[in-house]
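The block underneath contains the structure these notes are about, expressed in structure tokens.
The values are calculated or read from the model by the stated rules, or taken from the named source; none is laboratory data. Just so it is clear, the structure is predicted and the values come from calculations on it, not from any experiment. Methodologically, a virtual Cβ is constructed for each residue, glycine included, from the backbone with ideal geometry; neighbour enumeration extends over all protein chains shown. Each accessible area value is taken on the protein alone, full model and side chains, heavy atoms only, with ligands, DNA and RNA left out. Shrake-Rupley method; radii C 1.70, N 1.55, O 1.52, S 1.80 Å.
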Amino acid sequence: MTSSSDILTECDKAFLTSLLDILKKHLPREIRSYNTIYNYWYHYDKINENRANLRSDRWNFQFYRHRYGKTGNCTLISISGLKDYIIGLFTLEPSGMELMECIQETKLINWQHKSLDIMCNEQHLDLVKGIVQKKCDGWILLPVENIMWISKEKVDRLEFNVTLPSDVRVAPLSSDKHSEIIADHWYYKSENTFYLVKESIEFNGGLGIFRQSSNGQPICWLATNEFFTPGFLYTIESERRKGFAKCLLAAELKRLCIQHGLDMYSYVSNGNANSLKLHEQLGFEAVNRLTWLEKTTS
């Protein structure tokens, strides 16, 4: 519950619905915000009725809006739990004034927490940096990520150009059986990654490629995360350069589009040439850029 005196107030499901209607007019540029809000809207009841049982603090997040802001500006702040403390910032307002007021005045952000990551579209980076650097020291700017978009029509036309060997199959991931191997191989692994992976599979699902000889564990995998984008993509070293990652990403995109009927997107770092090539081969296009600020001192 938020204090009635705080500039931020929690978004209910009806307000999120109105934001989705507004953001539709700004697609594909704002695909990241649209799909992230959609994900929370879609799981709204399940998340809010079971917060006490959520083990991943990245799934235990909430959306807040400017208490006195204009709905059309879509000014939003998402705040996760403290174990994986991520603050998401967004606004359509060109000046960013509402967003600036929210960051400056809210008491809901724990600026003194030992770790804190802030994400925002690149066009708001200077505004955000100017405020957070006054709140506390120790910020570093992480590499810019491209927001890669693919329309549902393109996804529908995707073809599987890889013929899988007879002893290989694509199958849904199990949160109980497969979360550990996925968490252990994730590049950004932290002490809470296991539950992030587990609850991503439980909420949004994922796919794996399995060999008969792999003892029930996948040799390639991905799961759709809390931002409603396929993530955790990985192929074990001995199975690389066989087209498995491309095949699996295409299959997951098709699965999500059939279930939700949405355009999809992905994050790709400027420095990740292989991932950028993979996404472009599937038909993704860069439509925006995302920046991260990471607090490195307490």
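A few comments on the model shown:
- All strands (runs of 3 or more DSSP E) inside region 174-286 with 3 or more residues being open to solvent by less than 30 Å² (accessible area, probe 1.4 Å) and in contact (Cβ under 8 Å) with a residue 60 or more places away in the chain: 264-269
A quick yes/no check of all residues on (1) closer than 26 Å to residue 139 by Cβ; (2) crowded, with 21+ Cβ neighbours inside 10 Å:
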position	(1), (2)
22	no, no
55	no, no
58	yes, yes
72	no, no
107	yes, no
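Each row is one residue, and each column tells you yes or no for (1) among the aromatic types (Phe, Trp, Tyr); (2) in contact with a Lys or Arg (Cβ under 8 Å, 6 or more places away or on another chain).
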residue: 7; (1), (2): no, yes
residue: 15; (1), (2): yes, yes
residue: 18; (1), (2): no, no
residue: 22; (1), (2): no, no
residue: 34; (1), (2): yes, yes
residue: 48; (1), (2): no, no
residue: 61; (1), (2): yes, no
residue: 65; (1), (2): no, no
residue: 69; (1), (2): no, no
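- Scanning region 38-61 for residues that are touching a Leu at 6+ places or on another chain (Cβ under 8 Å) and within 21 Å of residue 20 (Cβ to Cβ) turns up 38, 40, 41, 44, 47, 59.
- Residue within region 106-113 that is at pLDDT 95 or above and within 26 Å of residue 229 (Cα to Cα) present: yes
- Residues that are farther than 14 Å from residue 296 by Cα, in a loop (DSSP other than H, G, I, E, B) and of a type in the set (S, T, N, Q) within region 92-113 comprise 95, 106, 110, listed in sequence order.
- Qualifying residue in region 114-121 (condition: surrounded by fewer than 17 Cβ atoms within 10 Å (Cβ to Cβ), at positive phi, in a loop (DSSP other than H, G, I, E, B) and small (Gly, Ala, Ser)): no
- Scanning region 218-276 for residues that are farther than 18 Å from residue 158 by Cβ and acidic (Asp, Glu) yields 226, 237, 239.
- Candidates 282, 233, filtered to the one that is among the aliphatic types (A, V, I, L, M) and within 22 Å of residue 178 (Cβ to Cβ): 233
- Output for region 1-32, where each listed residue is in contact (Cβ under 8 Å) with a residue 60 or more places away in the chain, polar (S, T, N, Q) and under 23 Å from residue 229 (Cα atoms): none
- Residue within region 79-92 that is farther than 23 Å from residue 195 by Cβ, surrounded by fewer than 19 Cβ atoms within 10 Å (Cβ to Cβ) and in contact with a helix residue (DSSP H, G or I) (Cβ under 9 Å, 6 or more places away or on another chain) present: no
- The single condition among (1) at pLDDT 95 or above; (2) open to solvent by less than 90 Å² (accessible area, probe 1.4 Å) that residue 162 does not satisfy is (1).
- Unique match (being over 23 Å from the mean Cα position of the chain (by Cα) and polar (S, T, N, Q)) among 225, 146, 215: 215
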